[in-house]
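Let me begin by presenting the structure, written as C-alpha cells, before commenting on it.
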Amino acid sequence: MQDVDHVEPAEEAPPPSPRAADWFWRPWYAKLYMALALLYWIGLELMMATPFDRLNIYLANTMVLLIFVFNPVTVAAVLGYGFLKAKVACGEWVIMSGPPSQKPMIDPYTDPFDIRSGSIYHRHIGLMKDKH
C-alpha cells in the first residue's frame, strides 16, 4: 500500500544561463568603468600628441600607471568575475580543484631542477661553469 500523504518535493530548477551582456554592459558599475576607460584612452592619446615641453611629468606618470587599471584584459577580468560566478551557480561551468598543494605535478623530464631532465638540467644557471 502506498503512502498517500508522502509527496516528493519538486526539484528546484537551476537559474537560467547568464548572458555576458548582463555582466559587461548593464550594471551601473560596468557602465561607469567602461566610460572611465574610454575617457582614459582618449586622454592618453591626447597626452601623446602633446609636445614634450608642455607635458606635465606627474600627469604623464599617472597616466602610465593607470594603463594597468584600464587595460582591456583587466576590464574583462574585473567585470567577468560576476559572470563567472553566475555561470558556476547555474551549473554550466564547474570549478575543479587543482593539483595537491604538497607536491606540484611537474613532469620530471621537463623540470630544470630534476636530474632526469637530461640536458635541460645541465643548462640550469647554477650548474653552468665557465671554462678558463
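The values are calculated or read from the model by the stated rules, or taken from the named source; none is laboratory data. This structure is a prediction, so every number in the text was calculated from the model and none was measured. Positions of Cβ are backbone-derived with ideal geometry, glycine not excepted, and every protein chain shown enters the neighbour counts.
Of the residues examined, residue 121 is one that is at pLDDT below 75 and outside any loop (DSSP other than H, G, I, E, B).
Scanning the stretch 26-76 for residues that are among the β-branched types (Val, Ile, Thr) and assigned to a loop (DSSP other than H, G, I, E, B), we see that the one that is nearest to the chain's Cα centre (by Cα) is 69.
Checking 60, 86 one by one, the residue that is surrounded by 12 or more Cβ atoms within 10 Å (Cβ to Cβ) and without any contact (Cβ under 8 Å) to a residue 40 or more places away in the chain is 60 and no other.
Taking the stretch 77-101 as the search range and keeping residues that are among the small types (Gly, Ala, Ser) and not in a loop (DSSP other than H, G, I, E, B), which one is farthest from residue 33 (Cα to Cα)? The selected residue is 89.
Within the option set 127, 65, 79, 55, being farther than 30 Å from residue 29 by Cβ and at pLDDT 70 or above holds for one residue only, 55.
So which of 65, 79 is farther than 25 Å from residue 18 by Cα and assigned by TED's automatic domain parsing to the domain that holds residue 26? Sole residue among the options that is farther than 25 Å from residue 18 by Cα and assigned by TED's automatic domain parsing to the domain that holds residue 26: 65.
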